[in-house]
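Peer 1: This is the structure I want to talk about, given as structure tokens.
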Amino acid sequence: MQQEGPLPADTAAPTVADGADLDRRLAAALERTGHAVRTLLWRQAYANGLSPIQTQLLLHLSGGARPPRSSDLAAEFDVSAATMSEALTALRRKELVRREPDPGDRRSHVLLLTDAGRRLAGELAHWSDPVTTWLGGAPEADKAGTLRFLLDLIARLHGTGVLAVARTCVTCRFFARAAHDDPELTHHCRLLDTPFGDAALRVDCAEHQPAGEA
Ligand code: SF4
């Protein structure tokens, strides 16, 4: 039988598993999930005549609070400056993205969506509908716990250099984990001075500052 993923298929019947076996199957499930998510995104990209990175850029630019510089985007997407420059040039040629002088450094430029780019980004945002439709019926407690678990995994991957950027609550210097006894509002954001629970953990926060920075 053809193997679907990079990890070996299970052949034995399910039984009481040791921890290492559970870890291996969790890694395999994450790989399958990542593959499915990439497939959905790429379908949306090709249907609109875009490359995957061009699609991700439009989505990213539509959600950011501060217009980014090209060099910020290269780090964000873990690609070379040349690859990012090529993708941005293509989007500017399609008149979906424009650039302006950076108000903080007139020698640099920041990237913004044009009106056409914002409209297209709105359509592209539906790429995740098959996932969010299913998630809509899943128990809230499962989703909140899974979000915290995945953010802790992302923090670990960021800490070991696998991911260059992680603007999540759990990697933020303002985050106080389990600061309160209320399980629904257990964490605290010291910047916004507000308690919140796992379900409100942010995946990409505009106010994020890396833990360890003064
Ligand atoms: S500033 Fe943002 S990322 Fe940091 S703890 Fe507060 S909500 Fe989370």
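Peer 1: For the residue pair Ala178 and Thr194, what label-to-label distance in nm results when each label sits 7 Å from Cα along the Cα-to-beta-carbon direction?
Peer 2: A separation of 2.4 nm, rounded to one decimal place.
Peer 1: Also: Under 11 Å from a label point 7 Å along Cα→Cβ of Val162: give me every residue in the stretch 27-43 with its amide N that close.
Peer 2: The answer is 27-28, 30-31, whose backbone nitrogens lie closer than 11 Å to the label point.
Peer 1: Quick one: which residues, 5 or more positions from Phe196 or on another chain, have an amide H under 5 Å from its amide H? H modelled 1.01 Å from N in the peptide plane, none for Pro or chain starts.
Peer 2: For Phe196, whose amide H was placed from the backbone, the distant partners under 5 Å are Thr186, His187, His188, Cys189.
Peer 1: What shape does the stretch 21-129 take by its C-alpha gyration tensor, where a ≥ b ≥ c are the square roots of the eigenvalues and a/c under 1.5 counts as rounded, a/b above b/c as prolate, and the rest as oblate?
Peer 2: Since a/c reaches 1.5 and a/b is larger than b/c, the shape of the stretch 21-129 is classed as prolate.
Peer 1: Using all Cα-Cα distances in the chain, what percent lands in each 10 angstrom bin from 0 up to the longest?
Peer 2: All Cα pairs considered, the percentages come to 7, 25, 33, 25, 9, 2, 0.
Peer 1: While we're looking at this one, here's another question. Using only alpha carbon positions, build the gyration tensor of the stretch 79-138, then give the equivalent ellipsoid semi-axes as the square roots of 5 times its eigenvalues, largest first, whole angstrom.
Peer 2: One finds semi-axes of 30, 14, 13 Å for the stretch 79-138.
Peer 1: Mind listing the phi-derived Karplus ³J(HN,Hα) values for the stretch 201-206, rounded to whole Hz, using 6.51, -1.76 and 1.60 with θ = phi - 60°, and x for any glycine or proline?
Peer 2: 4, 8, 8, 8, 9, 5
Peer 1: Right, another one. What percent of all Cα-Cα pairs in the stretch 116-169 falls in each 10 Å bin, counting up from 0?
Peer 2: 20, 29, 39, 13
Peer 1: Can I ask one more? Using DSSP to define loop residues, name the GluC sites (Glu not before Pro) in the stretch 80-135 whose beta-carbon has at most 15 other beta-carbon atoms within 10 Å.
Peer 2: Glu95
Peer 1: List the chymotrypsin sites (Phe, Trp or Tyr not before Pro) within the stretch 134-176 that fall in a DSSP loop (any state other than H, G, I, E or B) and whose Cβ has at most 14 other Cβ atoms within 10 Å.
Peer 2: Here no loop site has a sparse enough neighbourhood.
Peer 1: A follow-up question, please. Can you give the Kirkwood hydrodynamic radius of the stretch 139-200 from its Cα pairs, in Å with one decimal?
Peer 2: For the stretch 139-200, inverting the mean 1/r across all distinct Cα pairs yields 12.2 Å.
Peer 1: Report, to the nearest whole %, how much of the accessible area of the stretch 21-129 belongs to carbon and sulfur atoms, 1.4 Å probe, protein only.
Peer 2: 52 percent
Peer 1: So for the pair Trp134, Leu30, with labels modelled 7 Å out along Cα→Cβ, what separation do we get in nm?
Peer 2: For Trp134 paired with Leu30, the spin-label model returns 1.8 nm.
Peer 1: Here is a follow-up. Leaving out ligands and nucleic acids, and using a 1.4 Å probe, what accessible area per residue does the chain come to in Å²?
Peer 2: 65 Å²
Peer 1: Each residue of the stretch 78-88 in turn: what ³J(HN,Hα) in whole Hz from Karplus with 6.51, -1.76, 1.60 and θ = phi - 60°, glycine and Pro shown as x?
Peer 2: 6, 10, 6, 4, 5, 5, 5, 4, 4, 5, 5
Peer 1: Another question about this same structure. 5 Å is the cut-off here: which amide hydrogens, built 1.01 Å from N in the peptide plane, fall below it relative to Asp102, excluding neighbours closer than 5 in sequence?
Peer 2: Amide H neighbours of Asp102, under 5 Å, 5+ apart: Ser108, His109, Val110.
Peer 1: Using only DSSP helix segments of four residues or longer, with each worth -39500 (n - 2.57), what per-residue ellipticity at 222 nm results for the chain after dividing by its residue count and rounding to 500?
Peer 2: Counting only the DSSP helices, I get -15000 deg cm²/dmol.
Peer 1: Still on this structure, I have one more. Relative contact order for the stretch 139-200: what is it in percent, counting Cα pairs under 8 Å that are at least 6 residues apart?
Peer 2: That works out to 28 percent.
The values are calculated or read from the model by the stated rules, or taken from the named source; none is laboratory data. Fair warning: this is a prediction, and the values are worked out from it, not measured in the lab. Every residue, glycine among them, receives a Cβ derived from its backbone with ideal geometry; neighbour counts consider all protein chains shown. Remember, those area values only see protein heavy atoms, side chains included, never the ligands or the DNA or RNA. Shrake-Rupley method; radii C 1.70, N 1.55, O 1.52, S 1.80 Å.
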